[in-house]
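Have a look at the structure below, then the notes.
The values are calculated or read from the model by the stated rules, or taken from the named source; none is laboratory data. All of these numbers come straight from a predicted model, not from anything done at the bench. Neighbour counts run over all protein chains shown; Cβ positions are idealised from the backbone, glycine included. Keep in mind that these areas ignore ligands, DNA and RNA; they rest on the heavy atoms of the full protein, side chains included. Shrake-Rupley method; radii C 1.70, N 1.55, O 1.52, S 1.80 Å.
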Amino acid sequence: MADRTAVPPDVNSEAGVSRRSFLQLSGAMLVLATWIQGIGRRSVETAIRWGIPIPWYRQGPISHTFTVCDMCPWHCGIIVETVNGVVRKIDGNPNDPKSRGRLCAKGQGGVSFLYDPDRLKTPLIRTGDRGAGDFREASWPEALDYIAQKMGAIRDEYGPESIAFLGHTGGDSWFVDHLAQAWGSPNAGRPSTSLCTGPRDEAALLTTGLPIGGHEPVDWDHIEAFALIGSHIGEDTRNTVMQDFSKARARGAKVVVVDPRFSTAASKADLWLPIKPGTDTALLLAWIHVLIDEGRYEAEYVDTWTVGFEQLSDHVATLTPEWASGITDLHPDLIRESARMLADARPRAAIVPGRHVTWYGNDTQRMRAAYIFNALLGAWGQPGGLYLNKSPYIESYPHPPYAVVGSAGGCSTEPGESSDVLPLGPSGKARADGARDTFWRGPTAIQELIDPMITGDPYPIKGLIAFGINMLHSIPNPNRTKQAFEALDLFVAIDVLPQDHIAWADVVLPEATYLERHDDLLTTAHLTPYVALREPAVAPLFDTKPGWWIARELGLRLGLDQYFAWETADEWINTRLRSIGSSIEKLRDSGGVIVQQGQPYLADVPASPFMTPSGLIELWSESLEAAGHDPLPTFEPTEEPPAGYFRLLYGRHPAHTFAKTQNTPQLAALFSENTVWVGTAAAKTLGISSDDKVMLENQDGVRSGPIGVSVTERIRNDAVYMVHGFGHESPDMHVANGRGVSDAGLQTRYALDPISGGAGMRVNFVKLERTS
């Protein structure tokens, strides 16, 4: 993994140009550019031979490829410009309902990601101890044969269920969905469920019977007031949402932000509620009380479309703003004012569902409270509220029945994926994550698959296929995950970069980036449902392969030929497109996107769209009561920080995605290292300032490396905050290695949501020790 050859060499070197150097060069480059505009191709070739820099757009014909970004899970449509087989520029696709012709910094950084010299370049087989990072190069046939032989041995001794398939990023469906189900393992999952959106989606299915989807169904064009509760628009840089937020704010929409930290969104808000961490449910119940007590709810809508209002009214009768004030540290007047601001705009108002909601272990009920509040506003299925998400019509690729029905979940869980009946593998085993024992329902909780790898309970998981998931920065308690790696008979890591977990793998398979590969069609539930195409702009660099090819070659070696009867990704994609009278060529001709007609509002549908047992929005849930859970949300106190400790909060930076992009040179140039935010009063007590470095030690004695301090008024004094995704320890990631501190490394505990299996990770505490 030491070879750092990059093609072309100039792309990422530009990230190192200083502002002064840029200004010194700009005058000369302007003269040069003016000269180049008037010369022909032969003169350009002469200039290149002389070593005179020529702008890329003058070096040859520009080719354009319509495809889909994979620099974050938002998956914006993009147009990639290449010259002489080299990607030079990426723009938003104006035909795409998400990007609308615009792109964030991460999307623009795709060129730098593609040409990162630290990329994995050839298959590797481990030669030393796990974790040492000692490998030898291997051919693809050798590596795949090795994996297939090991998988067969595990199947023969333990059953196919004893291999887990975990994945993240755009191509993971080939592994966690198609290959896992064909193979027969129910132990397939994604971090985007139990470590992110799971409680949000289960709460939506329990309350309305509708999925939230990968694109939150907020009717931004017509909304007049909205609340963000721990939702960091502008920091997690979901391109479309930033556009929508800006437009709504510009036309006068009211904004309420609830957050212990004065976030970017809070700086744009009409009201900021600096809530005590862990008390959001109390605030929501008090908001519901205000709406009912003051008659500020849509009575006709509630009568028509909901059940359980009387029980709800009785439940919140005593949950006044004064009651909530003593819990949340918010003044009763501020609680009332914020509730009224939202209610006065009803039904063109809503609490935005958000994405990462796994906070304290009681998150499904908190999200239920938010959805109940939205129902009282009359928001569901109404213009200016929350539209009815609809997936585009397109048929799946035909295949024989799978050996097991998967429940991997993801950012856009559909109804039915949270069935009360757990899928059984060929050996009669259900998922090993404790579903139905330690939590009730929902897709696979991947953090709960770690202990079976170590203990063998309820049965051993002996093999792991990890696609595009940085396991040591995603799953809480990375030391426990390392124990699990040690206990495996087979660990296969498929990735683009030598992330930290790569050193523990038995076999490493280098995947082509999203700019070099096909993936399955993106089918997005949306106001206007659409189908989008991802296809390569350039051929794969080095000896890398696309995920579909890896999954297929492995499937054939495992005797799963009937599931991999297709030979190319084009064949798979065209077969699906034929079901809607299209093809890859037609899709290209239409700008890479096929947009279908939605049915976003209640007025558009002939019958109730709410797929609950009652066919209505269930304020009071009989299903929850039958399963032994509270049928209405209740406030449950969370553990307080011990004396001298602060609650550890974490979040995103607009230049980075999870722990994926910290090594991307041009994005690292924008933000290369995280710091720990400390409140001004807390810093004064500790005797630290923004010039200092500190060590963080959590409640279990786990210590971080040194991290810089940012003293600020923008955070409560009982909590500290850091940007997620830093603290990489892989020496082969030359940009990210040793930069900042990993928040995941300090998350040695989590609180399991008893309903959805979400891992609440804001239950860790740290103390600060000054080092300089």
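A few remarks follow.
- Calculated accessible area for the range 646-770 comes out at 34 Å² per residue, all protein chains present (probe 1.4 Å; ligands, DNA, RNA ignored).
- Positive contributions from Lys and Arg (+1) and negative ones from Asp and Glu (-1), summed over other residues with Cβ under 14 Å from the Cβ of Pro332, come out at -4.
- Ranked order, Glu697, Glu713 - accessible area, probe 1.4 Å, largest first: Glu713, Glu697
- Eligible lysines near Lys247 by straight Cα distance, threshold 19 Å, same-chain separation 8 or greater: Lys98, Lys268
- Cβ-derived FRET efficiency at R0 35 Å, Leu556 paired with Thr455, nearest 0.05: 0.55
- Estimated inter-spin distance, Glu585 and Glu622, nm [label 7 Å along Cα→Cβ]: 5.6 nm
- Between 0 and 90°, nearest 10: helix 569-578 axis offset from the chain longest Cα axis: 50 degrees
- Over the range 472-585, accessible surface divided per residue gives 27 Å², non-protein components excluded, 1.4 Å probe.
- Straightening the chain between Ala539 and Lys89 buys 160.4 nm, computed as 0.36 nm per residue apart minus the Cα-Cα spacing.
- Across the accessible surface of the chain, with the other protein chains kept in place and a 1.4 Å probe, carbon and sulfur atoms take up 50 percent.
- Residue-level accessible surface for Arg557, protein heavy atoms, 1.4 Å, Å²: 80 Å²
- From phi via Karplus (6.51, -1.76, 1.60), per-residue ³J(HN,Hα) for the range 287-297 in Hz, x at Gly/Pro: 4, 4, 4, 4, 4, 6, 5, 9, x, 9, 10
- Correct choice for Kirkwood radius over Cα pairs in Å that was computed from the model, options [x] 34.0; [y] 27.2; [z] 37.7: [y]
- In a fully extended conformation the segment linking Ser427 and Thr568 would gain 47.6 nm over its present Cα-Cα distance, using 0.36 nm per residue.
- Average accessible area per residue (Å²) across the range 218-386 - probe 1.4 Å, nucleic acids and ligands excluded: 30 Å²
- Model label points for Thr712 and Lys247, set 7 angstrom from Cα along the Cα-to-Cβ axis, are 2.9 nm apart.
- Helix-only mean residue ellipticity at 222 nm for the chain, each DSSP H run of n ≥ 4 adding -39500 (n - 2.57), per residue, nearest 500: -8000 deg cm²/dmol
- Backbone geometry of the range 244-256 corresponds, through the Karplus equation with coefficients 6.51, -1.76 and 1.60 at θ = phi - 60°, to 3J(HN,Hα) couplings of 5, 4, 4, 5, 5, 5, 5, 8, x, 4, 7, 10, 10 Hz, x marking Gly and Pro.
- Each of Glu486 and Arg578 was given a label point 7 Å from its Cα along the Cα-to-Cβ line. The distance between the two points is 5.3 nm.
- Of Val257, Thr612, Val357, farthest towards positive along the dipole that unit charges on Lys, Arg, Asp, Glu beta carbons give the chain: Val257
- Applying the Karplus relation 6.51 cos²θ - 1.76 cosθ + 1.60 with θ = phi - 60° to the range 551-567 yields 3J(HN,Hα) values of 4, 5, 4, 5, x, 5, 5, 8, x, 9, 4, 5, 8, 10, 5, 6, 10 Hz, where x marks Gly and Pro.
- Distance violations [Cα-Cα > 32 Å] among Lys482/Lys545; Lys121/Lys586; Lys545/Lys693; Lys106/Lys684: Lys121/Lys586; Lys545/Lys693; Lys106/Lys684
- Placing a label point 7 Å from the Cα of Glu729 along the Cα-to-Cβ direction, the residues of the range 685-711 whose backbone N falls under 13 Å of that point are 702-706.
- Less than 5 angstrom separates the built amide H of Gly184 from those of Ala403, Val404, all sequence-distant by 5 or more or on a different chain.
- Surface accessible to a 1.4 Å probe, Met695 within the full protein complex, Å²: 40 Å²
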